[in-house]
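Only one structure is covered here, and it is reproduced in the block below.
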2 protein chains.
Amino acid sequence: MFDFSLNATDGAARRGRIATPRGQINTPAFMPVGTAGTVKAMYPEQVRETGAEIILGNTYHLMLRPGAERVASLGGLHTFMDWPGPILTDSGGFQVMSLAQLRKVTEKGVTFRSHIDGSAYELTPERSIEIQLLLDSDIIMQLDECIALPAERPEMERAMELSLRWAERSKTAFGNRPERALFGIVQGGDDPALRAQSAAGLAAIGFDGYAIGGLAVGEPQETMFRVLDELVPDLPADTPHYLMGVGKPDDILGGIERGIDMFDCVHPTRAGRHGHAYTRFGVINLKNARHRDDARPIDEESPNPNCRRFSRAYLHHLVKTEEMLGAMILSQINLSYYQELTGGARDAIERGVFAQFSADVRRQWARGDLPPLD
Amino acid sequence: MFDFSLNATDGAARRGRIATPRGQINTPAFMPVGTAGTVKAMYPEQVRETGAEIILGNTYHLMLRPGAERVASLGGLHTFMDWPGPILTDSGGFQVMSLAQLRKVTEKGVTFRSHIDGSAYELTPERSIEIQLLLDSDIIMQLDECIALPAERPEMERAMELSLRWAERSKTAFGNRPERALFGIVQGGDDPALRAQSAAGLAAIGFDGYAIGGLAVGEPQETMFRVLDELVPDLPADTPHYLMGVGKPDDILGGIERGIDMFDCVHPTRAGRHGHAYTRFGVINLKNARHRDDARPIDEESPNPNCRRFSRAYLHHLVKTEEMLGAMILSQINLSYYQELTGGARDAIERGVFAQFSADVRRQWARGDLPPLD
């Protein structure tokens with residue numbers, strides 16, 4: 001059965017545990033994104049070894065290729081990609097808005113054409129639930145309409161109200177499935193009153209968890225944090241709080257400080273494919289010529305072997321020659337750092353020293369990378 | 001100390017063992033190609049786990065990026081790429097001929113411009129040895145001139161004689177290094193007399209091993225086998241025989257039958273990146289739509305877990321969506337099959353049943369892949 005228990009709090013920060021039939025998820029949790037049935041450049045067991053307990057699958061990508069019915073006939077997404085742990089799927093809405101062509105939103109849902117071959121699709125709240133069930137998802141998201149910021153208030157209000165009506169339809173379509181979870185998504189842009197109205201409306205419907213959508217869509221970090229400051233205390237405390245599509249390490253730390261339990265983002269894997277390594281001392285751009293002759297590893301005291309075994313010069317070489325191994329190693333390094341960060345936060349919240357932990361983490365980020373070689 | 005021992009023969013096929021300070025190499029051996037300091041899409045330990053005991057590095061690629069002096073200052077190629085086992089490096093000559101721009105061959109050596117940035121280089125027999133020593137190579141190849149087939153006899157003769165003079169200079173430049181090996185390279189195109197003359201000339205100079213260059217350069221397989229039939233018996237029997245740049249599985253089996261001990265080729269990794277999987281039942285093109293709904297694995301009785309755990313449908317999906325994991329898995333599957341093939345040959349030669357082994361292998365290849373699903 002799906003369940004959430006809160007084990008400790010420290011300020012607004014929460015240490016919890018999500019139970020699912022496919023395994024537990026310690027929160028705060030970072031979920032690597034397995035866009036099209038693979039966390040890019042990683043074997044499933046390598047993802048697990050970074051510490052990840054749950055991954056995310058993208059409904060939009062999977063409904064186009066290989067198709068939800070096909071995944072179902074092949075045994076579901078876990079079997080398809082050989083990831084036995086829990087999977088959260090998004091509703092497809094966000095990527096329809098950001099990737100698809102000729103999209104048209106109506107009360108019923110959204111029609112669009114595939115960015116791959118132009119073929120026509122319709123995604124309704126009911127079809128999104130159906131697809132996510134075909135994928136055999138453990139945590140299912142309602143279809144919502146996510147708009148970019150900044151936006152005018154009437155537009156934010158319209159999208160928020162539509163998303164609330166879609167939430168209601170999603171709940172009906174999902175039915176009673178205690179082994180899975182359905183999460184509602186709070187919308188309302190950067191307007192506190194709209195966000196509060198959305199949260200109250202969702203709570204009245206009743207969900208297994210509450211996600212915050214429509215952030216990290218172009219607004220400054222302080223806007224995002226201000227929305228969280230006002231919104232998160234309004235969310236039901238006995239369910240997980242999920243900040244969708246966020247973010248960089250400092251976004252995640254700030255989210256945990258404000259009571260967020262779950263995060264996902266393509267950033268660590270995408271940054272890895274672009275030659276960036278995240279460590280406790282911030283981000284290292286391995287494309288930079290300063291690393292060309294640098295025999296030092298990324299971080300010789302890291303718990304992650306990949307941070308200790310390869311020289312910066314070697315990683316620079318792999319990135320410059322566009323070798324896949326560079327993307328493989330740096331994706332692993334970044335996902336590991338994200339897990340190290342959330343694992344450290346969990347430990348600190350349990351021990352009641354989260355403020356100290358955050359200060360220490362920020363001090364290390366501020367120290368920055370090693371000085372270049374002479 | 002470098003050493004070669006012959007443990008068993010069966011017909012012309014040989015079961016041997018090369019000793020190097022970095023570990024032994026059981027022959028017949030297939031050497032995965034680590035072009036630019038990485039066997040593409042594979043961690044070093046994943047290469048080792050396929051059964052590979054030695055890899056090949058490309059002097060041409062490494063001299064351009066990151067540069068031989070740089071690799072040396074970073075501790076040599078083994079340290080640079082974290083492959084502790086033996087490494088064979090080619091001389092750079094073959095890729096100068098196939099990749100570089102504005103190349104000009106003189107008695108002294110070859111000048112060319114980099115295919116990457118157009119910068120000018122000179123490669124002489126002496127510089128090639130120097131580069132390979134900077135890379136800390138265990139098995140070093142002489143610089144030769146490799147021409148494409150078909151070619152006119154005077155051209156084959158000229159290139160063969162030049163390669164012989166370069167062999168002499170390479171031997172002098174290499175000096176006395178008992179912990180490493182220097183291999184001469186037989187040239188002479190598809191002309192038996194020229195090949196015999198080249199082999200005799202090299203044997204008179206004296207090398208730790210003898211490679212056969214200038215094959216698999218456009219000629220039919222039967223031409224290659226005919227050259228081997230006439231040439232290999234002339235090679236010194238107490239040293240390894242290395243067929244350069246070969247090949248597909250049936251080229252390798254035919255080479256072993258003719259007394260070849262060592263092979264290298266980019267084919268298994270390149271084919272993997274292009275969606276092809278080699279198994280004991282031949283080659284499977286995973287791009288083909290017949291695999292789209294096929295839940296069966298590549299080969300459910302393979303000793304390689306990757307052949308058993310992922311469905312053809314999943315691999316088809318990864319290949320069609322150009323996901324790196326597809327290249328990673330298929331490179332691993334192909335390198336594993338090549339090791340399975342050479343390992344099986346070693347075992348059969350030891351047991352004196354190599355003819356039976358070859359017939360069985362060819363029968364399985366001829367059986368071909370499973371029939372498509374209905």
From (1) touching a residue at least 60 places away in the same chain (Cβ under 8 Å); (2) away from chain B (no Cβ under 14 Å); (3) in a loop (DSSP other than H, G, I, E, B), pick out the condition that doesn't hold for A:P84. (2)
So which residues in the stretch A:155-183 are in a helix (DSSP H, G or I), under 18 Å from A:D138 (Cα atoms) and of a type in the set (D, E, K, R)? A:K171
Which condition number in (1) closer than 20 Å to A:E340 by Cα; (2) buried (at least 23 other Cβ atoms within 10 Å of the Cβ); (3) without any contact (Cβ under 8 Å) to a residue 60 or more places away in the chain is the one that A:D251 fails? (2)
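Please tell me if A:A19 is more than 13 Å from chain B (Cβ to nearest Cβ), within 25 Å of A:P240 (Cα to Cα) and touching a Ser or Thr at 6+ places or on another chain (Cβ under 9 Å). Steps first, please.
Numbers: more than 13 Å from chain B (Cβ to nearest Cβ): yes; within 25 Å of A:P240 (Cα to Cα): yes; touching a Ser or Thr at 6+ places or on another chain (Cβ under 9 Å): yes.
Taking the combined requirement at face value, the residue satisfies it.
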Contact list please: Cβ distance under 9 Å, first residue in the stretch A:189-200 and part of a helix (DSSP H, G or I), second residue among the polar types (S, T, N, Q), pairs at least six apart or on different chains. A:L194/A:Q187; A:R195/A:Q187; A:S198/A:S163; A:S198/A:Q187
Just one of A:D10, A:D90 is within 22 Å of A:A120 (Cβ to Cβ) and touching a residue at least 60 places away in the same chain (Cβ under 8 Å); which is it? A:D90
Based on this model, can you work out whether A:F207 counts as part of a loop (DSSP other than H, G, I, E, B), more than 14 Å from the chain's Cα centre (by Cα) and aromatic (F, W, Y)? yes
Those residues that are within 25 Å of B:M81 (Cα to Cα) and among the aromatic types (F, W, Y), I need them from the stretch B:1-47; list them, please. B:F2, B:F30, B:Y43
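Determine, yes or no, whether A:E219 is modelled with pLDDT under 95 and surrounded by fewer than 23 Cβ atoms within 10 Å (Cβ to Cβ). So that I can check it myself, show each step before the final result.
Values: modelled with pLDDT under 95: yes; surrounded by fewer than 23 Cβ atoms within 10 Å (Cβ to Cβ): yes.
Criteria met by A:E219.
With the structure loaded, tell me whether B:A12 is of a type outside the set (F, W, Y), modelled with pLDDT of 95 or more and over 21 Å from the mean Cα position of the chain (by Cα) or whether it fails that test. Before the answer, list the steps.
On the way: of a type outside the set (F, W, Y): yes; modelled with pLDDT of 95 or more: yes; over 21 Å from the mean Cα position of the chain (by Cα): no.
It is false that B:A12 is of a type outside the set (F, W, Y), modelled with pLDDT of 95 or more and over 21 Å from the mean Cα position of the chain (by Cα).
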What number of residues within the stretch B:74-106 are over 22 Å from A:A313 (Cα atoms) and aromatic (F, W, Y)? 1
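Within the stretch B:54-70, work out how many residues are part of a helix (DSSP H, G or I) and more than 9 Å from chain A (Cβ to nearest Cβ). Working first, answer last.
Within the stretch B:54-70, the subset part of a helix (DSSP H, G or I) is B:59-64, B:68-70.
Within this subset, residues satisfying the condition of being more than 9 Å from chain A (Cβ to nearest Cβ) are B:59-60, B:62-64, B:68-69.
Qualifying residue count for the region: 7.
Restricting attention to the stretch B:264-322, which residues are acidic (D, E) and away from chain A (no Cβ under 13 Å)?
The initial filter retains those residues of the stretch B:264-322 that are acidic (D, E), namely B:264, B:293-294, B:299-301, B:322.
Once the filter is applied, which keeps residues that are acidic (D, E) and away from chain A (no Cβ under 13 Å), the stretch B:264-322 yields B:D264, B:D299, B:E300, B:E301.
When the residues of the stretch B:54-77 are filtered to those that are of a type in the set (D, E, K, R) and under 16 Å from B:L123 (Cα atoms), which remaining residue is surrounded by the most Cβ atoms within 10 Å (Cβ to Cβ)? Let's see the steps before the verdict.
Start the filter on the stretch B:54-77 by keeping residues that are of a type in the set (D, E, K, R), which leaves B:65, B:69-70.
This time we only want the ones that are under 16 Å from B:L123 (Cα atoms), so: B:65, B:69.
Values: B:R65: 15, B:E69: 12.
So the residue we want is B:R65.
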Mind checking which residues of the stretch B:323-370 are assigned to a loop (DSSP other than H, G, I, E, B) and within 14 Å of chain A (Cβ to nearest Cβ)? B:E323
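Matching residues to (1) part of a strand (DSSP E or B); (2) in contact with a strand residue (DSSP E or B) (Cβ under 9 Å, 6 or more places away or on another chain); (3) surrounded by 15 or more Cβ atoms within 10 Å (Cβ to Cβ):
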{"site": "A:R15", "(1), (2), (3)": "yes, yes, yes"}
{"site": "A:A19", "(1), (2), (3)": "yes, yes, no"}
{"site": "A:Q24", "(1), (2), (3)": "yes, yes, yes"}
{"site": "A:V33", "(1), (2), (3)": "yes, yes, yes"}
{"site": "A:T38", "(1), (2), (3)": "no, no, yes"}
{"site": "A:A52", "(1), (2), (3)": "no, yes, yes"}
{"site": "A:T79", "(1), (2), (3)": "no, yes, yes"}
{"site": "A:S98", "(1), (2), (3)": "no, no, no"}
Quick one: would you say A:I116 is under 29 Å from A:E168 (Cβ atoms) and among the hydrophobic types (A, V, I, L, M, F, W, C)? no
How about the stretch A:212-244: which of its residues are in contact (Cβ under 8 Å) with a residue 40 or more places away in the chain and over 18 Å from the mean Cα position of the chain (by Cα)? A:T223, A:L231, A:P233, A:L235, A:A237, A:D238
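State all residues of the stretch A:84-116 that are under 26 Å from A:F2 (Cα atoms) and under 17 Å from the mean Cα position of the chain (by Cα); if no residue qualifies, say none.
First pass over the stretch A:84-116, keeping only residues under 26 Å from A:F2 (Cα atoms): A:84-94.
Answer for the stretch A:84-116, where residues must be under 26 Å from A:F2 (Cα atoms) and under 17 Å from the mean Cα position of the chain (by Cα): A:G85, A:P86, A:I87, A:L88, A:T89, A:D90, A:S91, A:G92, A:G93, A:F94.
Give the stretch A:127-154 a look and list any residue that's in a helix (DSSP H, G or I) and over 23 Å from the mean Cα position of the chain (by Cα), or say none. Steps first, answer last, please.
Going residue by residue through the stretch A:127-154, those that are in a helix (DSSP H, G or I) are A:127-134, A:153-154.
Scanning the stretch A:127-154 gives A:R153, A:P154.
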Considering only the stretch B:106-127, state which residues are in contact (Cβ under 8 Å) with a residue 40 or more places away in the chain, surrounded by fewer than 17 Cβ atoms within 10 Å (Cβ to Cβ) and closer than 17 Å to B:A159 by Cβ. B:E107
Only one of B:L194, B:L182 that is crowded, with 18+ Cβ neighbours inside 10 Å and over 22 Å from the mean Cα position of the chain (by Cα): B:L194
Of residues in the stretch B:30-53 being more than 13 Å from every other protein chain (Cβ to nearest Cβ) and small (G, A, S), the one farthest from the chain's Cα centre (by Cα): B:G51
What's the total number of residues in the stretch A:273-330 that are touching a residue at least 40 places away in the same chain (Cβ under 8 Å), under 19 Å from B:H61 (Cβ atoms) and surrounded by fewer than 19 Cβ atoms within 10 Å (Cβ to Cβ)? 1
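The values are calculated or read from the model by the stated rules, or taken from the named source; none is laboratory data. Treat the numbers as computed from the prediction; the structure is a model and nothing was measured. Note that each Cβ is placed from the backbone with ideal geometry, even for glycine, and that neighbours are counted across all protein chains shown.
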